């Protein structure tokens, strides 16, 4: 009887240990995925990956055709710039390349539990010298038109193209360009949203042309994902 009781106790302890291990694994994965570690400060050159509010058809088309890190669905990316006590975001939007105050950038974001879904990525130390080139280069591009054709080398810029073209070391981009696809990942077909968009501007869909997108960039090995924008920047 003592042997049976001992076996039952041992199995109980073993099950408790397994449950605790599973709980801790899920907890720490959840913390990483949701970016709850918010002890960092935003620095010049940080990349701000953004989920847009669900009111933009093009943002929806971008999300449907790309994948982002973890559970996120990024449709936009900008570059942080600190000027004394203020933080701005360099970004390429429909009106062109511009400098936006951080609070305005955050206000454009989708929210979850009233928190803007903006995740901070930081270039790894190995590539950090690219920032020193990127910031002054981006400043010279303020006012350049938005690249709604999604084509390279046309002196126009979409959001991730602005990052790709300016973050360089020895003249070479640190991020990789890949053949773009405008196909919905669920259907394997080009979204009607994209068809209507390119028909409206009178341009062919640049399927297969080398380019970038915020989702792919968020998964780049050249950066570390720090987490959601810390609370101290939200109020």
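The values are calculated or read from the model by the stated rules, or taken from the named source; none is laboratory data. All of these numbers come straight from a predicted model, not from anything done at the bench. So basically every Cβ, Gly included, is an ideal-geometry build from the backbone, and we count neighbours across all protein chains shown.
Restricted to region 194-210, and to residues that are over 17 Å from residue 94 (Cα atoms) and touching a helix residue (DSSP H, G or I) at 6+ places or on another chain (Cβ under 7 Å), which residue is surrounded by the fewest Cβ atoms within 10 Å (Cβ to Cβ)?
Once the filter is applied, the top-ranked residue is 204.
Have a look at 227, 215, 143 and point out the one that is assigned to a strand (DSSP E or B) and either under 30 Å from residue 81 (Cβ atoms) or touching a residue at least 24 places away in the same chain (Cβ under 8 Å) (or both).
227
Name the residues in region 86-114 that are at pLDDT below 95, surrounded by 16 or more Cβ atoms within 10 Å (Cβ to Cβ) and either assigned to a strand (DSSP E or B) or outside the structural domain of residue 149 (by TED's automatic domain parsing) (or both), would you?
Residue satisfying the conditions is 109 alone.
May I ask you to say which residue of 157, 233 is crowded, with 20+ Cβ neighbours inside 10 Å, at negative phi and in contact (Cβ under 8 Å) with a residue 24 or more places away in the chain?
Step by step, each of 157, 233 is checked, and only 157 is crowded, with 20+ Cβ neighbours inside 10 Å, at negative phi and in contact (Cβ under 8 Å) with a residue 24 or more places away in the chain.
Please find, within region 72-85, the residue that is surrounded by the fewest Cβ atoms within 10 Å (Cβ to Cβ) out of those that are farther than 16 Å from residue 120 by Cβ and in contact with a helix residue (DSSP H, G or I) (Cβ under 9 Å, 6 or more places away or on another chain).
Per the stated criteria, the residue is 73.
Could you please give the count of residues in region 116-134 that are surrounded by fewer than 18 Cβ atoms within 10 Å (Cβ to Cβ) and in contact with a helix residue (DSSP H, G or I) (Cβ under 8 Å, 6 or more places away or on another chain)?
Qualifying residue count, region 116-134: 1.
Just to be sure I understand, how many residues within region 185-206 are more than 17 Å from residue 51 (Cβ to Cβ), out of contact with any strand residue (DSSP E or B) (no Cβ under 7 Å at 6 or more places or on another chain) and not in a helix (DSSP H, G or I)?
8
Would you pick out the residues in region 160-176 that are on the phi < 0 side of the Ramachandran plot and assigned to a loop (DSSP other than H, G, I, E, B)?
167, 174, 175, 176
Just a yes or no: is a residue in region 58-69 surrounded by fewer than 20 Cβ atoms within 10 Å (Cβ to Cβ), modelled with pLDDT under 75 and in a loop (DSSP other than H, G, I, E, B)?
yes
Can you name the condition, by its number, that residue 209 falls short on among (1) closer than 25 Å to residue 48 by Cβ; (2) touching a strand residue (DSSP E or B) at 6+ places or on another chain (Cβ under 9 Å)?
(1)
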